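Everything on this sheet refers to the single structure shown next.
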Amino acid sequence: MSPLAIFHGLAHDTYPSLLLSMSQVRSFKASTWEDTITRISLWWEQARAVVVVPVFKFLVALCLIMSVMLFVEMMYMGVVVAYIKLFKRKPEKVYKWVAMEEDDVECGSESFPMVLVQIPMYNEKEVCEQSIAAACKISWPSNRIIIQVLDDSTDPASKELVKKECERWSKEGVNITFEIRDNRKGYKAGALREGMKHSYVKQCDYVAIFDADFQPEPDFLFRTVPFLIHNPKLALVQGRWEFVNAGQCMMTRLQEMSLSYHFMVEQQVGSSTFAFFGFNGTAGVWRISALNESGGWNDQTTVEDMDLAVRATLRGWKLLYLDDLKVKSELPCSFNALRSQQHRWTCGPANLFRKMAGKIIRSENVSLWKKLYMLYSFFFMRKLVAHVLSFCFYCVILPATVLFPEVTVPKWAAFYLPSLITLLIALGRLRSIHLLAFWVLFENAMSLVRTKALVMGLFETGRVQEWVVTEKLGDGLKTKLIAQAPEEHHVRFRDRVHLMELLVGVYLLFCGCYDIIYGKQTLFLYLLFQSMGFFVVGFGYVGKYVAASSS
């Protein structure tokens, strides 16, 4: 037999067994894969039943408790405000207030106390002229007031513009000083602290503070200082912010709704019940002796204003808020500016709570009820729970319930309670009530930024000490010109995109689609709209974009 025949015979005898062996391998692999899938499926079902579902049920229960707590807190504040309005409990009826004679202004009456007006600035050439002008036009004897401009600008053009504006008003007879530092240590708190060290400040009794975009009315001191003169335990009198650019875009309208509630309700309730509220850092007048006794300006957190208010209260001083005293200011119209502002406004209070909670508990100058208000209502509920609940419940846990039918959320918690809370907040600005749905979607989207900042503040991680000055655009004419600038259309895409918001948007979209296909709820309506809200924010299509300044 030839070798070739022998080879063919061997091949005939060998290949069938080889083919059989490969078939067996495939069958073995398929069965192994099926077994693996079955094991994973069984493991997941066990983990779902034993761990995941109980954990979600616990989180839902926790959120329901926090929702009720927040609702009770807001109802309490609503009742207090209704009482104030119904019985006309104006500050003039609670504290002694005697009008000062404005006729003596031009005479330079020595009966007027000496007032220092501080205007801290940092690269704010768009607003410096109008703010300095407003401060210089305040009605008060010229020899009893000092305007102090604290310029930390690193932009030479900004610094030169501020200097020339100060020189211009000085030539007109205004007692104005231009102060600069060679560093920005302590940021705004550091600038205010350095400003108080000048020798001419020793002759002053009170200090009024206005941020660079604030424009007080000429009668500001006549409406605030009498409270301090006739009530020796008052340390601070603060006015309410009024926004000159509230109607500039949708984002500024939504901000106005939130801040109007903050001032009309939260600040007024704290002032009327316990003579304590968080100083907003501007549009207020401090008694200098109270400021010094409380330790002066401290830069341990990024909310030096709230920090000072807490320390003054622990010293036994009282704070007064005047809801009818309005001071013009500007809202950020750039989303990146708003994000930076909200980060500081959330991270700072959380960090302050971490550092001051123990001191509040141990204070001997504060009553038990006032301590409870400061710790529970002011810090815990408004600065912590409100932010955590907005994001964790409405943007994470509630959407996840469509994936776990075993976990149910009562309708009163998913719809009725948040609707009532939203309506209570809307009462702060009734003219914008038609924007309520947009406000809910936007606030939930912003809750991601706030929750991240809150965690940083509580645990002192990441950007806990970050201070970014809120971008300002100046007067209405300037705003219109910038809004029409062609540079607005050339913002780099990567500068607009916010990845975390987009990821949350994808998660909500997935949950919404899953609910449509497999679910038995109508939650998909909320989930789809809220996912759109996160996508709009994530891609940066909110607010206005302006060309970056040279500073």
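Observations
- Selected residue (only one of V68, V79 is open to solvent by 80 Å² or more (accessible area, probe 1.4 Å) and under 30 Å from P410 (Cα atoms)): V79
- Segment 142-186, subset assigned to a strand (DSSP E or B) and among the β-branched types (V, I, T), residue most open to solvent (accessible area, probe 1.4 Å): I180
- Filtered residues of segment 358-370 (kept if assigned to a helix (DSSP H, G or I) and either among the β-branched types (V, I, T) or buried (at least 18 other Cβ atoms within 10 Å of the Cβ) (or both)): I360, I361, K370
- Tally of residues being touching a helix residue (DSSP H, G or I) at 6+ places or on another chain (Cβ under 6 Å) and closer than 30 Å to L528 by Cβ across segment 361-385: 1
- Residue count, segment 206-244 (criterion: under 25 Å from G296 (Cβ atoms) and in a loop (DSSP other than H, G, I, E, B)): 9
- From the list G505, G476, the one residue that fits, being of a type in the set (G, A, S) and at pLDDT 65 or above, is G505.
- Residue, least open to solvent (accessible area, probe 1.4 Å), within segment 320-332, restricted to residues that are in contact with a Leu (Cβ under 8 Å, 6 or more places away or on another chain) and farther than 23 Å from H387 by Cβ: L320
- Boolean, K355 is closer than 16 Å to L458 by Cα, assigned to a helix (DSSP H, G or I) and open to solvent by 40 Å² or more (accessible area, probe 1.4 Å): yes
Conditions tested, residue by residue: (1) over 22 Å from L308 (Cα atoms); (2) touching a residue at least 60 places away in the same chain (Cβ under 8 Å); (3) in contact with a Pro (Cβ under 7 Å, 6 or more places away or on another chain).
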site: S142; (1), (2), (3): yes, no, no
site: K163; (1), (2), (3): yes, no, no
site: E167; (1), (2), (3): yes, no, no
site: N175; (1), (2), (3): yes, no, no
site: Y187; (1), (2), (3): no, yes, no
site: F222; (1), (2), (3): yes, yes, no
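- Of all residues in segment 164-186, those satisfying the criterion of being among the basic types (K, R) and more than 15 Å from A133 (Cβ to Cβ) are R181, R184, K185.
- When residues in segment 196-213 are screened for being crowded, with 22+ Cβ neighbours inside 10 Å and either over 32 Å from the mean Cα position of the chain (by Cα) or over 21 Å from D307 (Cα atoms) (or both), 1 of them pass.
- Only one entry in Y394, Y376 is surrounded by fewer than 17 Cβ atoms within 10 Å (Cβ to Cβ), modelled with pLDDT of 90 or more and not hydrophobic (A, V, I, L, M, F, W, C), namely Y376.
- R339 meets all of the listed conditions (1) touching a helix residue (DSSP H, G or I) at 6+ places or on another chain (Cβ under 8 Å); (2) part of a helix (DSSP H, G or I); (3) open to solvent by 10 Å² or more (accessible area, probe 1.4 Å); (4) at pLDDT 95 or above but one, namely (4).
The values are calculated or read from the model by the stated rules, or taken from the named source; none is laboratory data. Just so you know, these numbers come straight off a predicted model, no measurement behind them. Quick reminder, even Gly has a Cβ in these numbers, built from the backbone with ideal geometry, and neighbours come from all protein chains shown. Protein only, heavy atoms only, side chains kept; ligands, DNA and RNA dropped before computing areas. Shrake-Rupley method; radii C 1.70, N 1.55, O 1.52, S 1.80 Å.
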